[in-house]
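K.L.:
Input: one structure, supplied below.
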C-alpha cells in the first residue's frame, strides 16, 4: 500500500470510481509505462456505454499508437481492480470479471503450435468464456494467414461479439481496411469505428477538406524528394476510420535504405493503377539494353551477302571467339540434310492396304540409297568436318540419322 501511494503521488495518478454499472469511462487516460520513456504523452478518452459502442474497431497507420491505446485501457481496468490509483484525469470502471488479450504470440518448442494457431486459441477463449462483464483486447488478429481468411475470421468474431445477448467490452486494432466496407462487416449499434489521427500534407487534423499549411509538398520521409507525403502522427483517437497504413513512411523511419523505399512506392503505384510493374533498372540491365539496341541497329544495316561485312559483324558480336571462320564453316544448314519428299509408299498402301513393317523399311531404304548417290547425307558432311563422337560410332553410323527421319 505504501508503494502504491508513493507511485500515485509521483506519477500523477487519480482514484478511480468502481461501479456495478456495466460501463467504462476514462478521461484523458495514459499508458503508465510508455509515458515514462517519452518526452510528452498524448492522453485519450475511452467511453463504452451499456447499450452502445462496446466494440471499438480502431484503424490507423503503423506507429500511430493503436496498440498503446488498447493496452492502456486494459492496464487502467486492471489497476482499478487491484486497489491502485490509475493514470488518467478521471475514470469510472465497471466491475470486470476477466481481461482477455490477443496482443503477442509467444512461440515455444514445448507447444507445437504455429503463431496463427496460438492467435486462434486466444480468440476462441474470448468467444467461449467472455461475458458482458469481460474486457477483450484484440491487436492485429489474422496477420499470420491469408488476408481474405483473416478478414473473414475477424469480421465473424466481431459480429458474434456485437450480436451477443450481453456483449463484452472489446478493443480491436486492425489494418484490415476491408472491415470498413459494410458488406464485409455489417453495422451494429454496438460497433464503433475510431482511428488514430494523422497530420499529412493533404489535410489538417479533423478537417478532411483543407490542405496542411505546415507541410512541404514534394518531399518524402527522408527529405530527399520522391513526391511523397510528409506525415506527423498525432496519437489522438478520433471517431471514424482510415485505410492507409503509410508503411513506406514507417519503413523510412526504421532506416530502410532509400532504393528499397523507392521500389516499394513503384510496386504500390503499379498495383493501384492496375499496370504492369516495370523491370528494375539496374546498371547491368541498362548495359544489356544498350548493347542489344546497338546490335539491332547494325544488323538492320548489314549486307548479309557481303562475306567481309558478315565476318566483321561476327567479330564485333563475339569478340572473344578466336576463329570466326571456323564458326561459320561448322554451321551446316539443317534444311539441306532433310529429305525434300516423304518416304516412298508401297503399291499396297496406295490401294488402301497397309504395308507390313519390313516392306515399308525396304522401300524407304531403297529410296534413300538412290538419293544419297546425288546428295551427301548430313552424317557424311559432318564426318568430313569433324570425327564422330563415341556415341555416334558403331551401329548407329550405319542407320539413318534421327535428323533425316520424319
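The values are calculated or read from the model by the stated rules, or taken from the named source; none is laboratory data. Quick caveat: nothing in here was measured; it's all calculated off a predicted structure. Positions of Cβ are generated from backbone atoms using ideal geometry, with glycine treated the same way; all protein chains shown enter the neighbour counts.
K.L.:
Among (1) touching a strand residue (DSSP E or B) at 6+ places or on another chain (Cβ under 9 Å); (2) part of a loop (DSSP other than H, G, I, E, B), where does residue 27 come up short?
P.N.:
(2)
K.L.:
Would you be able to tell me the number of residues in region 48-73 that are closer than 15 Å to residue 96 by Cα and surrounded by fewer than 19 Cβ atoms within 10 Å (Cβ to Cβ)?
P.N.:
As a first pass, look at region 48-73 and keep what is closer than 15 Å to residue 96 by Cα: 48-50, 54, 73.
Now restrict to residues that are surrounded by fewer than 19 Cβ atoms within 10 Å (Cβ to Cβ): 49-50.
Count: 2.
K.L.:
Here is a follow-up. Just checking, how many residues over region 101-154 are buried (at least 18 other Cβ atoms within 10 Å of the Cβ) and over 30 Å from the mean Cα position of the chain (by Cα)?
P.N.:
Count: 3.
K.L.:
Continuing with the same structure: So which of 172, 221, 251 is modelled with pLDDT of 55 or more and over 30 Å from residue 93 (Cα atoms)?
P.N.:
Residue meeting the stated conditions: 251.
K.L.:
Let me ask something else about it. Does region 28-58 hold any residues that are touching a helix residue (DSSP H, G or I) at 6+ places or on another chain (Cβ under 7 Å) and either under 24 Å from residue 231 (Cβ atoms) or outside the structural domain of residue 133 (by TED's automatic domain parsing) (or both), and which are they?
P.N.:
30, 31, 34, 41, 44, 57, 58
K.L.:
Which is at pLDDT 80 or above and closer than 23 Å to residue 40 by Cα, of 256, 238?
P.N.:
238
K.L.:
Looking at residue 190, is it modelled with pLDDT of 90 or more, more than 17 Å from residue 101 (Cα to Cα), crowded, with 16+ Cβ neighbours inside 10 Å and in contact with a strand residue (DSSP E or B) (Cβ under 8 Å, 6 or more places away or on another chain)?
P.N.:
The answer is yes for residue 190.
K.L.:
Just give me the residues in region 172-198 being assigned to a loop (DSSP other than H, G, I, E, B), within 17 Å of residue 139 (Cα to Cα) and in contact with a helix residue (DSSP H, G or I) (Cβ under 8 Å, 6 or more places away or on another chain), in sequence order.
P.N.:
Passing the criteria: 174, 176.
Yes/no per residue for (1) within 39 Å of the chain's Cα centre (by Cα); (2) farther than 24 Å from residue 135 by Cα; (3) in a helix (DSSP H, G or I):
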{"site": "12", "(1), (2), (3)": "no, yes, no"}
{"site": "18", "(1), (2), (3)": "no, no, no"}
{"site": "31", "(1), (2), (3)": "yes, no, no"}
{"site": "40", "(1), (2), (3)": "yes, yes, no"}
